[in-house]
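Trainee: Have a look at this one.
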Amino acid sequence: MTSEPEQQSGVGTQDAFQRLWTPHRMAYIQGENKPTGPGADDGCPFCSIPAKSDEDGLVVRRGELVYAVLNLYPYTGGHTMVVPYRHVADYTDLTADETAELAELTKQAMTALRTASGAHGFNIGMNQGTVAGAGIAAHLHQHIVPRWGGDTNFMPVVGHTKVLPQLLADTRKMLAEAWPTA
């Protein structure tokens with residue numbers, strides 16, 4: 001359904017663009033939940049999440065050494081991260097057991113996302129260091145971003161806006177229920 005753009009007077013230069021307001025993104029832009037320093041006691045959200053309930057922390061699965069959690073500022077619905085409990089910044093500093101469990105929970109997350117949402121593919125990776133794009137560089141985390149055919153549209157490219165069709169709490173519940181058993 002196409003509608004005529006609403007012209008608004010008195011609010012700046014008129015244009016033909018409609019507005020999609022996303023005030024929840026302002027928390028991310030202003031740095032809410034960002035650590036004040038590199039230490040575990042400097043407000044690291046990845047260190048505080050495990051003390052919360054699964055629902056409050058958006059935790060999908062807890063392992064012995066790592067856990068899976070939904071991204072609070074997702075790129076797509078179901079954007080999950082696998083995070084070591086230990087406050088460690090660099091992938092090379094993980095123990096062999098942490099590395100193995102991180103890989104296993106990544107595989108399980110892919111299986112759960114395929115089951116729960118029919119994901120066609122994934123972007124998986126880590127940003128190591130601030131200069132590499134890590135939003136929280138002091139605590140390693142691996143992103144698992146589900147993708148679907150045709151999911152790239154004008155919104156992120158032109159509008160710098162991501163449209164998410166489901167609330168995070170609902171996504172967490174759906175993904176936790178679809179998580180494979182060992």
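Trainee: What pairs come out if I take residues in the range 34-62 that are hydroxyl-bearing (Ser, Thr, Tyr) and pair them with residues that are outside any loop (DSSP other than H, G, I, E, B) and buried (at least 19 other Cβ atoms within 10 Å of the Cβ) whose C-beta lies under 9 Å away, six or more apart or interchain?
Mentor: Ser48/Gly57; Ser53/Val59
Trainee: For residues that are out of contact with any helix residue (DSSP H, G or I) (no Cβ under 6 Å at 6 or more places or on another chain), more than 28 Å from Gly37 (Cα to Cα), open to solvent by less than 40 Å² (accessible area, probe 1.4 Å) and at pLDDT 90 or above, tally how many sit in the range 115-168.
Mentor: 2
Trainee: Right, here's the next one. Out of all the residues in the range 71-114, which are polar (S, T, N, Q), surrounded by 15 or more Cβ atoms within 10 Å (Cβ to Cβ) and not in a helix (DSSP H, G or I)?
Mentor: Asn71, Thr76, Thr80
The values are calculated or read from the model by the stated rules, or taken from the named source; none is laboratory data. Remember, it's a predicted structure, so these values are computed and weren't measured experimentally. We place every Cβ from the backbone using ideal geometry, glycine too, and count neighbours over all the protein chains shown. What goes into the accessible areas is simple: the full protein's heavy atoms, side chains included, and nothing from ligands, DNA or RNA. Shrake-Rupley method; radii C 1.70, N 1.55, O 1.52, S 1.80 Å.
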